[in-house]
1. If you check 711, 725, 687, which single one turns out to be surrounded by 24 or more Cβ atoms within 10 Å (Cβ to Cβ) and at pLDDT 95 or above?
2. Is it the case that some residue within region 459-468 is in contact (Cβ under 8 Å) with a residue 60 or more places away in the chain and over 21 Å from residue 559 (Cα atoms)?
3. Could you say which residue among 727, 712, 723, 717 is without any contact (Cβ under 8 Å) to a residue 40 or more places away in the chain and closer than 23 Å to residue 596 by Cα?
4. Only one of 729, 739, 702, 674 is touching a strand residue (DSSP E or B) at 6+ places or on another chain (Cβ under 9 Å), closer than 30 Å to residue 584 by Cβ and of a type outside the set (Phe, Trp, Tyr). Can you tell me which?
5. Can you tell me which of (1) in a helix (DSSP H, G or I); (2) within 30 Å of residue 512 (Cβ to Cβ); (3) in contact with a Gly (Cβ under 8 Å, 6 or more places away or on another chain) is the one residue 313 doesn't meet?
6. Taking into account only those residues within region 272-329 that are among the charged types (D, E, K, R) and within 16 Å of residue 440 (Cβ to Cβ), which is surrounded by the most Cβ atoms within 10 Å (Cβ to Cβ)?
7. Kindly state which strands (runs of 3 or more DSSP E) lie completely within region 158-249 and contain at least 3 residues that are in contact with a helix residue (DSSP H, G or I) (Cβ under 8 Å, 6 or more places away or on another chain) and surrounded by 15 or more Cβ atoms within 10 Å (Cβ to Cβ).
Amino acid sequence: MSRLDSTPLVKVDRRNFLKTTSVGASGLILGFYVSCSKSVPEPPRDPKYFFKPNVYLNINDLGEVIIVAHRSEMGTGIRTSLPTVLADELEADWSRVKLKQAPGDEDTYGNQNTDGSFSIRMFYLPMRRAGAAARMMLEQAAANQWGVDVSECQASNHQVIHKSSDKRLDFGELVQAAAELEVPRDEDIRLKASKDFKLIGKNTSIYDLPEIVNGKAIFGLDTTMPGAKVAVVARCPVAGGKVASYKADKAKEVPGVVEVFELESPGFPTEFHPLGGVVVVADHTWAAIKGREALEITWDDGVNANYDTKSYLAKLSREARGNGNVRRDEGNIKSALASSSEVLQATYRIPHLSHSTMEPPNALADFKQGKCRVWAPTQNPQWAKTSVAEALELDPKDVEINVTLLGGGFGRKSKPDFVIEAALISRHIGGPAKVIWTREDDIQHDYFHACSIQHVKVGLSEENKVTAYNHHSVFPSIGGTSSNEATEPATFELGLGLIDFPYDIPAICMESHEARAQTRIGWLRSVCNIQHAFAIGSMLDEVAYARSVDPVENLLELLGPDREIRFDEKIEEFFNYNEPIDEFPASTARMRGVIETVARQSGWGKELPEGQGMGICSHRSFLTYVACVVKVQVDGNKISIPELHYAVDCGVVVNEDRVKSQFEGGAVYALSGALKSEISFKEGKTVESNFNNYQLARMPDAPGKIYVHLVPSDEKPTGVGEPPVPPVAPALCNAIFAATGKRIRELPIKLA
């Protein structure tokens, strides 16, 4: 069995459970361990060694099922979907399931980073096994009480039923007896057949929905405590810059301002430290903001003072046409291109992008007597915990991270900088402090998605076959945020949609080039798949028209025969989203399946009125296969999207409603980058500052209808948070070409 199939299960005594989780409990308590690593520790045989689970299930005497949710909830429904899996195998009544949010604690809960679309694929089978084990223990307890064989007993809807007599016992009546039983051995655990699922694959409203709707849900910005002060920070407008001098006299005159002080700058690269600057602390938010406006600051802009994205991208574009660092090489690309009867070339440009979560970064910290408590909307509570401990020179056990609901994340809130800010400010003022980022702070000081140049050459033979594919990818690496040595993309970044190119072409060569980071770069929803899918999806459409082949038929032909591709044999240290390729192989059959499904469901090939067109793009990211068809109407310079279709193969669908919601929201998120959004720099500073000039897709930009066609599958579940984004922009641009004959190779789209 793999680490995904087998997970140690142990009973946990009440005292240890309370000590570990701070949750009072009675009845049956099971703990199990799930790891991001390739190995899973076995429960110790010697009872003097305590095996430390990181996920917990408790069924108490009242029959309540309590699950400690250790993932961050940001609208994805993840802390609903995972407990749903467990509850289904347990045969629990969902209305009697309660969730407790876990604090950030790696020793107790393992990896809690809710990033990278890996929560479902990592925890699906372990959650099922835990639920099944508890169900079997309850069935055995009932069998013992009735004096019958356990095969005569079956759990259903929070009860165990004796099949022949219809006698019934509620879970709450059985938990004490069940707690005395041994946990079933790994090999004896019986999982349900998929036909018997009652919750998995169905629509289950998110656990937090009622409180979100009635306004009682607690997000980061909602948290406060008695005596807490509010702080905002004036940060250097250039990444890595610092304060040269400042005057705070006028700021201190603002009613409500209580203190002004300087926070040290880390220089550049910034790593994931706070940017530093001048802190204004006040009794309330308005006073803090007005106090900041009254500051007189002279900045030392530092090494990035001349950063200009227009000249930077022009330089990258020139370099992309030269020889790069070969990262995947098959066949003889030079010979194949030289012998081609026609060579297509195109350069694609992607700008910097901002995460722009609806809830900007914020955190509340209370430093007291050598300990620090924090409340924050963080995607990565462990990183926040260790970072705060390091900044305050504390033992991590003296830092407590409490995870609130997140008003959007997209990768921004996995970074710890804003949490560290709150902790440092709290220590400085000697009391609780709430740091708040305004929208301007958020947009101007983000960890931006990397701007990018993608230059592609494709060779066609006299027989009209594609014989060569040469792709040059140039963008500043995420590693450049931490190290000046990271001047080219890492292998894992190129594994996000480039070197895992699945098409069957005789000569393939993927190259990277140097591009030094001159601002903070971070992962944004689907990361490098954005630029790679845009270039590949657009170029393959150009290839189709050059060959006079229907774009769908072109994709299916280029996929070649159905096969599983061993990219780990082609590329050293191949990423595969941190999963063994044996368990999650790259399957051209599954890619073919989504292409054929979306073509069929969208009515591909039908006659369209003048000014309308349809475009397609398919892409595998985060181990999920997606094909997207966009139908567009172009009237002059005005673009409207009557329909957008997805076909999705994400393995077993846990919560259909959440999967479809992720794709519906992901479509609009992707359209922001395609139609509206761009971060540009001049003299080291972001030109954009708020939604007036960093625009997002609005209602008129959204598709009239979004269809999400889920491909039935028994494969292991994969991610759905990030895969909606990559194929949308290229499918849209391909649709515009079909409607107008105009090729779009630069985002955001400009028809004029």
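1. 725
2. No, because not a single residue in region 459-468 is in contact (Cβ under 8 Å) with a residue 60 or more places away in the chain and over 21 Å from residue 559 (Cα atoms).
3. 712
4. 729
5. All conditions pass for residue 313, except number (3).
6. The selected residue is 292.
7. Answer list for region 158-249: 159-162, 229-234.
Rundown of residues vs (1) in contact with a strand residue (DSSP E or B) (Cβ under 9 Å, 6 or more places away or on another chain); (2) over 25 Å from residue 578 (Cα atoms); (3) small (Gly, Ala, Ser), yes/no style:
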{"residue": "610", "(1), (2), (3)": "no, yes, no"}
{"residue": "621", "(1), (2), (3)": "no, no, yes"}
{"residue": "628", "(1), (2), (3)": "yes, yes, no"}
{"residue": "647", "(1), (2), (3)": "yes, no, yes"}
{"residue": "657", "(1), (2), (3)": "yes, yes, no"}
{"residue": "668", "(1), (2), (3)": "yes, yes, no"}
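The values are calculated or read from the model by the stated rules, or taken from the named source; none is laboratory data. What you are looking at is a predicted structure, and each value in this text was computed from that prediction instead of being measured. Note that we place each Cβ from the backbone using ideal geometry, even for glycine, and neighbour counts take in every protein chain shown.
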